[in-house]
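Take a look at the structure set out below.
The values are calculated or read from the model by the stated rules, or taken from the named source; none is laboratory data. Treat the numbers as computed from the prediction; the structure is a model and nothing was measured. All Cβ positions, glycine included, derive from the backbone under ideal geometry; neighbour counts span all protein chains shown. Please note that ligands, DNA and RNA were not included when accessible areas were found on the heavy atoms of the full protein model with its side chains. Shrake-Rupley method; radii C 1.70, N 1.55, O 1.52, S 1.80 Å.
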Amino acid sequence: VQSIRVRLRAREQSYEIKIGAGLLSVSGQEARVCLGANGRRIAVISNAQVFELYGPPLIKSLRAADFKVTHWLMGEGERHKSLATLQEALRFLGESGLERGDCVLALGGGVVGDLAGFAAAVYLRGIAFIQAPTTLLAQIDASVGGKTAVNTTRGKNLVGAFHQPRLVLIDTDSLATLPRRELTAGWCEAVKQGATGSRKLFDRTLGFLRTYQTGLSDDTFGATELADLIAAQCQFKASIVARDEREDLNRADHRSRRILNLGHTTGHALEAITHYRRFRHGEAVGYGMLVAGEISKDLGMLAPSELELLRDGVALCGPLPPAGDLKVDEIMQALTADKKAVGGIVKWVLLERIGRARIVDGREIGSKRLRAALRNGLKRLPKPQVRISR
Ligand SMILES: NC(=O)c1ccc[n+]([C@@H]2O[C@H](COP(=O)([O-])OP(=O)(O)OC[C@H]3O[C@@H](n4cnc5c(N)ncnc54)[C@H](O)[C@@H]3O)[C@@H](O)[C@H]2O)c1
């Protein structure tokens with residue numbers, strides 16, 4: 001088991017991320033060490049699909065560590081990350097008799113984690129929260145950093161809170177049941193994290209994806225290498241978060257948390273105009289990175305060979321749904337509605353090279369350049385050379 005300490009400014013908020021195979025079945029011991037003798041109750045929030053697979057060993061282990069455990073299953077999918085579900089979750093926490101010293105545990109992907117985390121943030125003005133992420137995206141990204149939220153009718157993640165977890169338990173075995181597209185989406189975020197801030201991490205991620213291609217079967221696909229890579233990805237996210245916990249709007253430097261939004265401007269627009277039906281979020285971010293790469297190249301910031309490398313990286317993540325048929329005008333319109341816009345100006349995360357991002361004011365880009373970047377970035381990618389057979 002690997003352990004990463006996320007160090008935050010308020011020392012008491014610092015926490016551990018544990019990564020390893022089979023961690024869910026020892027979650028009780030880990031939770032006990034983290035919560036101490038005072039924690040009596042743990043309320044588990046999950047969904048049916050995940051709970052059926054991973055709930056029983058988790059509950060068994062928590063009970064063996066002397067916790068009183070209740071569980072509640074929310075609906076499946078992004079549309080359930082809502083205020084209505086939050087209300088149900090809060091009712092569940094109340095009915096479970098949770099007190100200030102008790103804890104909420106999220107078992108599932110980013111949807112479950114964001115909702116359960118927000119419930120923990122507001123219940124009794126904030127109680128302890130443990131993340132047990134079961135998707136690749138949640139393991140390398142969503143579970144680290146303390147952002148929690150629900151969606152409203154106006155858009156995604158519009159109501160939420162910063163609430164740091166007390167512990168993150170990453171059981172790498174849970175990825176074995178993850179549907180293929182969810183893996184692709186997670187890999188896109190992994191490529192993104194490397195591209196924004198660490199050439200070493202980027203190379204390592206591509207190296208893993210390429211090795212995978214060279215015949216390692218599902219059973220032996222390098223469980224240790226996978227755990228190591230997930231640990232490196234978490235370490236990277238944690239290092240960015242530690243320096244900029246609340247995504248300071250006044251910061252635009254290459255280590256600010258905002259660089260993690262590489263690909264998100266276009267990604268959100270693609271999701272919105274296809275009514276969140278065509279792309280998984282990570283897949284849309286995959287295209288978004290390429291559009292950002294095209295703009296960067298066109299502005300003379302990024303060498304063409306670096307953009308090619310980024311394309312290789314995205315292609316290696318797995319096949320993406322087509323985007324070349326989408327209307328550039330519609331995308332342009334959706335782009336201006338971006339939530340991260342400041343004073344109506346979209347801030348783009350662009351690349352100076354793989355591993356170094358820069359935030360650029362949308363006015364410096366111009367609509368002609370943007371249109372060309374959208375056309376080039378959304379073209380069909382070369383057939384991925386890797387096949388992850390699931
Ligand atoms: N808080 C943050 O910092 C942060 C960062 C990135 C994304 N997010 C949020 O995360 C959400 C997306 O998360 P996601 O990609 O994990 O999607 P998700 O939570 O919807 O999970 C994807 C699907 O996989 C299923 N699943 C989960 N684990 C499984 C497993 N081990 N085996 C089989 N099936 C499994 C889920 O039931 C679901 O159908 C979005 O709402 C996004 O806003 C939050």
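Would you mind calculating the gained length between H254 and E95 on full extension (0.36 nm times residue separation, minus the Cα-Cα distance), in nm to one decimal?
On the way: separation 159, 0.36 × 159 = 57.24 nm, distance 4.57 nm.
Roughly 52.7 nm would be gained on extension.
For region 213-370, the fraction of 1.4 Å probe accessible surface lying on carbon and sulfur atoms is 48 percent.
As an equivalent ellipsoid, the chain spans semi-axes of 34, 23, 19 angstrom, where each value is the square root of five times an eigenvalue of the C-alpha gyration tensor, largest first.
Along region 40-45 the Karplus relation, 6.51 cos²θ - 1.76 cosθ + 1.60 evaluated at θ = phi - 60°, assigns HN-Hα couplings of 10, 10, 10, 9, 8, 10 Hz to successive residues, with x for each Gly and Pro. Is region 164-212 rounded, prolate or oblate when judged by the Cα gyration tensor, a ≥ b ≥ c being the square roots of its eigenvalues, rounded requiring a/c under 1.5 and prolate requiring a/b larger than b/c? Taking the square roots of the gyration eigenvalues as a ≥ b ≥ c, region 164-212 is oblate.
Counting only heavy atoms of protein chains, what accessible area per residue, in Å², does region 116-239 have with a probe of 1.4 Å? Spell out each step's value before the answer.
Details: 4270 Å² over 124 residues.
Averaged over the residues of region 116-239, the accessible area is 34 Å².
Holding the Cα-Cα limit at 29 Å, pick out from K18/K297; K81/K200; K60/K192; K200/K297; K68/K156 the pairs that are longer than that. Before the final figure, lay out the partial values.
Values: K18/K297 39 Å; K81/K200 35 Å; K60/K192 37 Å; K200/K297 21 Å; K68/K156 34 Å.
Violating the 29 Å Cα-Cα cut-off are K18/K297; K81/K200; K60/K192; K68/K156.
Shape call for region 112-168 from the C-alpha gyration tensor, a ≥ b ≥ c root eigenvalues: rounded (a/c under 1.5), prolate (a/b greater than b/c) or oblate? Oblate, because a/c is 1.5 or more while a/b does not exceed b/c.
For region 303-370, the square roots of the Cα gyration tensor eigenvalues, ordered a ≥ b ≥ c, give a/c of at least 1.5 with a/b no greater than b/c, which places it in the oblate category. A Förster distance of 51 Å, applied to the separation of the beta-carbon atoms of E330 and R40, puts the FRET efficiency at 0.45.
For region 1-107, report the accessible area per residue in Å² (1.4 Å probe, heavy atoms, rounded to an integer).
Values: 5570 Å² over 107 residues.
Each residue of region 1-107 exposes 52 Å² on average to a 1.4 Å probe.
Secondary-structure-derived ellipticity at 222 nm for the chain, considering helices only, amounts to -14000 deg cm²/dmol, per-run term -39500 (n - 2.57) for DSSP H runs with n ≥ 4.
Using a simple spin-label model with points 7 Å from Cα along the Cα→Cβ vector, what separation in nm is obtained for S14 and R371? My value for the distance between the label points is 5.3 nm.
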